[in-house]
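Since the structure comes first, as structure tokens, the remarks are kept for the end.
The values are calculated or read from the model by the stated rules, or taken from the named source; none is laboratory data. Owing to the predicted nature of the structure, the values given are computational and were not obtained by experimental measurement. Every residue, glycine as well, gets a Cβ built from its backbone with ideal geometry; the counts of neighbours run over all protein chains shown. The protein model used for the area step is the full one, side chains on, heavy atoms only, and it has no ligands, DNA or RNA in it. Shrake-Rupley method; radii C 1.70, N 1.55, O 1.52, S 1.80 Å.
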Amino acid sequence: MINGATRLGLTCLLSLSAVAADAAPIQDQQVTTGRVVATITALEGTVHLPGMPVELRDDPARMVIAKTITDGAGQVSFPDIPPGRYIISVTRPGFESRESPVFSVNAGETAQVLLDTRLTFVQPEVQVRGQAPSATDSVQPVSTSDMLAGRILESAPLEGDDFRSLLPLLPSVVRDANGRLRIRGGHPTQSALLVSSASVNDPSTGDFDIDLPGQSIESVEVLANPFAAEYGRFTASVTQIRTRSGTNEWDVSTGNLLPRFKGFFQGIRNFEPRFSIRGPLRRDRVFLAQDVQFRYAATPVKSLPGEPETDLRSFDSFTRIDTVLSPRHLLSGGLIMFPREFRQVTMNTFRPGEATPDFNQSGFTAGLVDRFAIWTNLVLESTLNFRRFEIDVNTKNLHPMIYQPEGQRGGFFNDQDRDVTSLQWVQALTLSRDDLYRGEHVFKFGIDLQSSDYGGESLSRPVEIRRNDGSLAELIDFGGQATTQSVSGTEFGVFAQDRWRFNSRLTFEFGLRLDRDVVVENVNWSPRAGAAFSVLPEGRGIIRGGFGKFVQRTPLNIGAFTQFAPRTVTRFGLDSLPVTEPVTLRSTVIGPLKSPEAYVGNVEWDQRFGRKVLLKLAFLQRKGSHDYVVSPDVAAGALYLSSTGPSSYRELETTVRYVASERRDLTLSYVWSKGTADLNNYDQFFGNFRNPIIRANENNLTSTDVPHRLLLRGMIGLPWQLDLSPVLELRSGFPWSAVDEFQDFVGPRNRAGRLPAVQTLDFSLVRPWRFKKYRFRAGIRVYNVFGDTAERDVQNNVTSPFFGQAFNPVERSIGITFSSAK
């Protein structure tokens, strides 16, 4: 067995391996260097473009020397450049990819480069594979943001092939016990998910409800607290997905044609083949991108007899058409379909398959984005998005659900059907001015209108809590009748923001947003402000930070609370006779309800050492209030819903990235964090997968509190064109609570102990191959090299002889990666 010291040593070894390979060239680097300053514009130089990825390449080899993102004035700076001949290139969806003429850099001089691009969707014929954007590269020049390129899915050893699998590569994202994403300590319903400017959260629960084929993803960006007011209806984070457009040359590609196996080729664990076609329907004018992907993923519960599996089957489709109506006018349309089936979805060591539900989802989302440059400095953007989907959670086992100290049995207690439709319209106007006050301003104003409708049905069966000897301790009865839910309404938001570049070293950002919450019928305001200052010359050291108020959307199922069935609770003695009178708890709202909100502040230091080492130090603190919680009151015969829950989260992140070339790139991150909240959050009792047992509320550690997390990822180029991509994770285990034979909590919640620390190492080893005229990339992926580690379940009942013992470790498995290449 590999102990903790060995694993830590392996972390350091992987981190230093690429550095050692380039130590001599760094020592031999010339002292006398030059500097490059590039300005990226559009519309014949009249509009300066922020957030544009820029690469500096040498000539004639065209190797990438450095890359970064333009600031609010559309400008980048590359210091410490050796004398020579170079070019600047810029590529981003929605703009024509451009390269500058060859220019020279002389020692002690600054080379000024102006590169103008066009609003278009013409793509280069050859796509160059490269590393992901740095964790310290922010598309927002003021806000904290982490971005990952979708092409990481091609090389990194991920558990799946979708954006949910990509996000845990970021240091502040973990999966909870049910596989849901927790971003920067927030509950899943506290985050926003965007595709372009359109919200794709489930308006009925607030959860992420959409999937895309992996090859459709251009990039995934997580913004912890964007000061731009165009982002709203969240308190924890914003996840923005940018999708790939069509190209100017027809291209057909495939990927993931070989499965991942159980253990060492003992059966299929995962199979996610995909197919893509891209090309011009009319050259330089109309472009098509069509991606489809089938997914099968089986996750075993190794601690149950026979190692039964939770399995996912889905067929995801993404269609995108981009039209260049004129150099000033672009129109894009997209259609996403995402049917999914989960079998035995909540199964674990103590809940066998018979006591779990199945989850089925069908639906689609369709949208249009229109961008029109009215004048040289005025751009109008319109987004229209329509979504319709249906969710069914049900089980074939209709027996009462039984909780005992050694585990659960019977059938899952709740069936639900839910139909949701949503129509969103976002209208935004961007104005660039450099003659107002001092400096340059980019103003943005807009409205955000979303109309949603939720209708559903819920049926809950009895739940029995039994002692070790099988005697009945408590009975929860829901009346045996189905109830219907119906909530609809229209949310309305307006926003205004200004990104002010005071000078070449100082940028401010101010924003104000007003949102009407349709469920609680309040108008909420969200002011924000941030700044970034280049402390060291030429952007080598930047401090950024700010403070803002953020308000979360209220899910429609909050409005349906009183429409769910009441519950009748009876407790029994050892003789199976009632010791209390049956008490019926009726759903009651303690009002007035308020929208959940949070005050968030952050400060971050980004520093570049030479051209190869990047350092990020960041601190974030969030204070939340008005979280939706439920709590029973037996004396009053009520199950109360209130918006009184406080929460807090603090995070300190250190990230070091070493970039020597496209094939030598490692990122090492350490995060310390602490999160507390009211633990009876509404979603766990009335979301997709419901918990039937509701005890007294308590404010304590969140269920995914992770004090320490160390994450290493990247790529190491080896001889024979081999690329090694490791992902090493060492982190604290999740906290858990102790319960007794009545399933009442014993002692403070989430303070009984922690699951064993997670210690996993995954890696992929791939290289390019050629067979006749065909080229492809193939290799192997190995998951959990350390073997049976990272147990996911714990026996938390104090009456069990196995109390405190952990079960269900992550298994070791192997897969073969195969994808076509251009």
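Worth a mention:
- Helix 4-21 vs. the chain, principal-axis angle (Cα, 0 to 90°, nearest 10): 10 degrees
- GluC sites (Glu not before Pro) restricted to DSSP loop in the range 432-479 with at most 14 other C-beta within 10 Å: none
- By average C-beta atoms within 10 angstrom, highest first, the peptides 627-640, 152-165, 575-588, 232-245: 232-245, 152-165, 627-640, 575-588
- Label-point separation in nm, residue 802 to residue 294, each point 7 Å along Cα→Cβ: 3.7 nm
- Label separation (residue 536 vs residue 670): 2.0 nm, computed from points 7 Å beyond Cα along the C-beta direction.
- Here the range 578-691 carries DSSP beta bridges of which approximately 90% are antiparallel, counting only pairs with both residues inside.
- Net length available on complete extension from residue 59 to residue 492 is 150.7 nm, with 0.36 nm assigned per residue and the Cα-Cα distance removed.
- In order along the range 598-610, phi translates into HN-Hα couplings of 8, 9, 10, x, 8, 9, 9, 10, 10, 9, 10, 9, x Hz, rounded to whole numbers, per the Karplus curve 6.51 cos²θ - 1.76 cosθ + 1.60 with θ = phi - 60° and x for Gly and Pro.
- The accessible surface of the range 653-734, taken with every protein chain in place and a 1.4 Å probe, is 60 percent carbon and sulfur.
- Neighbours of residue 527 by Cβ distance under 11 Å: Lys/Arg scored +1, Asp/Glu scored -1, total +3.
- The phi-based Karplus calculation (6.51 cos²θ - 1.76 cosθ + 1.60; θ = phi - 60°) puts the 3J(HN,Hα) values of the range 794-809 at 9, 7, 10, 8, 5, 8, 8, x, 9, 3, x, 8, 9, 9, 6, x Hz, whole numbers, x for Gly and Pro.
- Scalar couplings 3J(HN,Hα) for the range 230-236, obtained by applying the Karplus form with A = 6.51, B = -1.76, C = 1.60 to θ = phi - 60°, are 5, 8, x, 6, 7, 10, 9 Hz; x denotes Gly and Pro.
- Percent antiparallel among DSSP beta bridges (both partners in the chain, rounded to 5): 95 percent
- Among 258, 761, the sequence by solvent-accessible area, most first, with a 1.4 Å probe is 258, 761.
- Accessible area of the chain divided out per residue, in Å², using a probe of 1.4 angstrom: 39 Å²
- Chain lengthening between residue 388 and residue 376 when straightened (0.36 nm per residue, less Cα-Cα): 0.5 nm
- Projected label distance in nm at residue 482 and residue 506, using a 7 Å step from Cα toward the beta-carbon: 6.5 nm
- Every helix of 4 or more DSSP H residues in the chain counts as -39500 (n - 2.57), and over all residues that averages to -1000 deg cm²/dmol at 222 nm.
- Of the accessible area of the range 380-442, computed with a 1.4 Å probe over protein heavy atoms only, carbon and sulfur atoms account for 54 percent.
- Those residues of the range 467-498 whose amide nitrogen sits under 14 Å from the label point placed on residue 562, 7 Å along Cα→Cβ: 486-487
- From the coordinates of this entry, Rg/Rh (Cα atoms, Kirkwood Rh) is computed, and it appears in (1) 0.97; (2) 1.07; (3) 0.94 under the label (1).
- Low-density loop positions, trypsin sites (Lys or Arg not before Pro), the range 436-467 - DSSP coil, at most 14 other Cβ in 10 Å: 438
- Cα-based shape type of the range 199-345, given that a ≥ b ≥ c are square roots of the gyration tensor eigenvalues and the cut on a/c is 1.5: oblate
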